[in-house]
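Just below is one structure, and these are the notes that go with it.
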Amino acid sequence: DIEKAKELLLGDLLVDFPFDDESSKAYTLAAMLQPFVRAMIEGPTPLHVIDAKSGSGTGKSLLADMIAMPALGRPIPAMSEGRDGDEWRKRITAKLATGSQFVLIDNVNKKLDTGELAAAITATTWEDRLLGSTRVIQLPVECCWIATGNAIKTSREIARRIVKIKLDAKRDDPWMRPESEFKHPNIREWSSENRGQ
């Protein structure tokens, strides 16, 4: 059963992603399994940073969606980075209030250097004032954190809270890879059809 599972996940679902090393594959599998075991994990879980050496078109956002496919059966709703700490706080509160299993910060362009994000990643409960009210709410932090970007820079505070999933297509135009290079040219469709397995 373990060998079949490995073949399905590594030999089919993730086979076409250009992982830079074995630890990147391991972190991807860990993120994929997290929703199924999160209740057994006491304490916080790291931010999974999907970073591409080869730049745009490497498949970072697609990989984030494939990480979520077994648990959600659909892509992860993405949010952009905040302009400042206050905006980060509001976005984090809004996301956690939905009870989502995944929080995706897509296409990070600036240095990840915000105390609000660092606090949220390491918190087990997030407390904030409800927007437009004086009422304070407390929300459990049980999501899988994912961020995507190219050569993402982080503060030391954030760096201690991440695991890096590194992709490298080893070409300047990864979006131009011919369909013949992919085992499953339409991985979204394949993953949806095979989700039950």
If one compares the long axis through the Cα atoms of helix 85-97 with the longest principal axis of the Cα atoms of the chain, the angle in degrees, nearest 10, works out at 70 degrees
In Å², rounded to a whole number, the accessible area per residue of the chain with probe 1.4 Å is 54 Å²
Counting only protein heavy atoms with a 1.4 Å probe and every protein chain in place, the carbon and sulfur fraction of the accessible surface of the chain in whole percent equals 50 percent
In whole percents, the bins of 5 Å from zero upward hold the Cα-Cα pairs of the chain as 1, 7, 15, 20, 20, 15, 10, 6, 3, 1, 0, 0
Ordering 37-46, 156-165, 138-147 by per-residue average of other C-beta atoms within 10 angstrom, highest first, gives 138-147, 156-165, 37-46
Checked the stretch 1-103 with the C-alpha gyration tensor, a ≥ b ≥ c its square-rooted eigenvalues, rounded below a/c of 1.5, otherwise prolate if a/b is larger than b/c and oblate if not; verdict oblate
For A147, the residues 5 or more places away or on another chain with a placed amide H closer than 5 Å to its own amide H are H48, V49, I50, I105
In the chain the DSSP beta bridges are antiparallel at a rate, in percent to nearest 5, of 25 percent
Most packed first (mean Cβ within 10 Å per residue), the peptides 175-185, 79-89 order as 79-89, 175-185
Most packed first (mean Cβ within 10 Å per residue), the peptides 187-196, 16-25, 60-69, 124-133 order as 60-69, 16-25, 187-196, 124-133
Computed curve, the stretch 82-194, Cα-only Debye sum without solvent term, log₁₀ I(q)/I(0) at 0.10, 0.13, 0.24 Å⁻¹, is -0.42, -0.66, -1.39
The Cα radius of gyration of the stretch 52-106, divided by 2.2 N^0.38 Å with N its residue count, comes to 1.27
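The values are calculated or read from the model by the stated rules, or taken from the named source; none is laboratory data. The model shown is predicted, which means the values in this text are computed figures rather than measured ones. Because the Cβ atoms are built from the backbone with ideal geometry, glycine has one as well, and the counts that use them run over all protein chains shown. Surface areas here come from the heavy atoms of the whole protein model, side chains and all, with no ligands, DNA or RNA. Shrake-Rupley method; radii C 1.70, N 1.55, O 1.52, S 1.80 Å.
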